[in-house]
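Derivation of every value follows stated rules applied to the coordinates shown; laboratory data play no part. Bear in mind the structure is a predicted one, so any value in this text is a computation, not a measurement. When we count neighbours, we look across all protein chains shown, and the Cβ atoms used for this are built from the backbone with ideal geometry, even at glycine.
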Amino acid sequence: MVKRNINIARLPSAYLFPEIGKRKKMHLEKNPNAKIISLGIGNTTEPITPHIASALKNAAQGLGTVDGYTGYGEEQGMPELRKKISSQVYNGKISPEEVFISDGAKCDIARLQVMFGSNAKIAVQDPSYPVYVDGSIIMGQGGDAVKGQFGNIVYMQCTPENNFFPDLGKIPKTDLIYFCSPNNPTGAVATKEQLTSLVGFARKNASIIIFDAAYSEFISERGLPKTIYEIDGAKEVAIEINSFSKSAGFTGVRLGWSVVPNELKYADGYPVRSDWNRIVTTLFNGASNIAQHGGIAALDDKGLKEIKSLVSYYMENASMIRSALESLGIEAYGGINAPYIWARMTGKNSWDTFERILDKCNVVTTPGSGFGPAGEGFIRFSAFGHHADVREACDRMKRNL
Ligand code: PL4
């Protein structure tokens, strides 16, 4: 008999989001006529916009022709898309060869965890996207979530009390620091000063920051950094991951990218980029060619305009949800530069509150405790949904909570 991987056994059997799906299904079984509205999983709902959809369609049709057919491509991605990301997202500060196209930010997180290996010590924002911790546990980077022991993992509390930015003076040195801004789930965006102090902290400790910028397009306030590379010295200490999932509605299409700057080196001076290239060429076969054509269209003038309108659509939802919560006297954060609203709910724990909102309003949310210990007592509301559904969810909450 094969012995089970001990690291997998250290995880609770269900990942957060499938657990939410399971509870939603159970609720429907008990209440077959319930008209459930999901403000839970951050999944896009609006159609891909015309210019981008047409690029996807043309690419798919091209594959059915002798001239347009392509098979395996370069594992690092199409040169044209890498160039577009370099110029449109990073104003040329990052070169195309430092950009690696992928099938999404989540998949890149997993491959980065493989690259850094089981001895890496990590720090994460608490609360944060659960893949940072769960994936690290799978890699054996410390921790037994079942026993509530987190070994090597350092939790950096980010709560309303510290304005959602960790007290770096109290954080021990780790190899990796996961940092997501705008943050999922709190919706908080780090300022330039805060990111400068984070980069300084990483430089002092010789740590590597894994900066998750999946929601950068949702930043609307001026002066807030959209990429870690706006900070001087970041290229020596930071990897950035990003995605077309939320901005272009590619959650199902699957397309993202990572940036590993040439300047980023290991302790022995070996370039991290060379290892990343090795991982990508060995464990990945490149992003879908159709998706990459969509990505190229998303970054031209028309595509960027469309992305802006899609983002604005979801941000109208965010503002509706935030206002509804505030009208109920609930302390709410986020929803201004991020498609998530983070609400402090009094009374019971997060899962109980999740059940209460589901029972009373037929609205699915995400319990804050799923994002880390500091998320207990909070509920995350996602702004991804049709306007009419979100309006209806808000009305139900105003009536029934
Ligand atoms: C549900 C901070 C959502 N099954 O689509 P990707 O892989 O390019 O991006 C995933 C991702 C990366 N980084 C951050 C994210 O918040 C997400 C997506 N998170 C959420 O509701 O928190 C979707 C989650 C999905 C999952 O587990 O990723």
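Observations
- For region 22-55 and region 192-250, distance of Cα centres in Å: 30
- Hits among lysines - C-alpha to C-alpha of K121 under 24 Å, sequence gap 8 or more where chains match: K106, K147, K170, K173, K204, K235, K265
- Remark: region 310-393 carries a charge dipole of roughly 80 debye about the Cα centre, counting +1 on each Lys and Arg Cβ and -1 on each Asp and Glu Cβ.
- Kirkwood-based Rg to Rh ratio, the chain, C-alpha trace: 0.96
- Over the chain, relative contact order from alpha-carbon pairs under 8 Å, at least 6 apart, %: 23
- Within the chain, helix-based [θ] at 222 nm, where runs of 4 or more DSSP H residues each add -39,500 (n - 2.57), nearest 500: -11500 deg cm²/dmol
- Which of S86, S319 has the fewest Cβ neighbours within 10 Å, and the rest in rising order: S319, S86
- Under DSSP loop assignment and at most 15 Cβ neighbours within 10 Å, longest GluC sites (Glu not before Pro)-free interval of the chain: 75-220
- Subtracting the Cα-Cα distance of N285 and E236 from 0.36 nm times their residue separation leaves 14.9 nm of extension gain.
- Projected onto its three principal axes, the C-alpha set of region 205-326 covers 53, 37, 27 Å, listed from the longest axis down.
- Between E193 and D301, the contour length at 0.36 nm per residue exceeds the Cα-Cα span by 35.8 nm.
- Simple label model, 7 Å out from Cα along Cβ direction - Q88 to A206, nm: 4.0
- Fully extended contour minus Cα-Cα distance, from H387 to M1, at 0.36 nm per residue: 133.7 nm
- Placing +1 on the Cβ of every Lys and Arg and -1 on the Cβ of every Asp and Glu, with nothing else charged, gives region 212-293 a dipole about its Cα centre of roughly 300 debye.
- For V124, V114, order by how many other beta-carbon atoms lie within 10 Å, fewest first: V114, V124
- Computed from point charges on the beta carbon alone (+1 for Lys and Arg, -1 for Asp and Glu), the dipole magnitude for the chain about its Cα centre is near 820 Debye.
- The order of R399, R380, going from fewest to most other C-beta atoms within 10 Å of their C-beta, is R399, R380.
- Residue of T282, T49, T251 that the Gaussian network model of the chain assigns the largest fluctuation, springs spanning Cα pairs under 10 Å: T282
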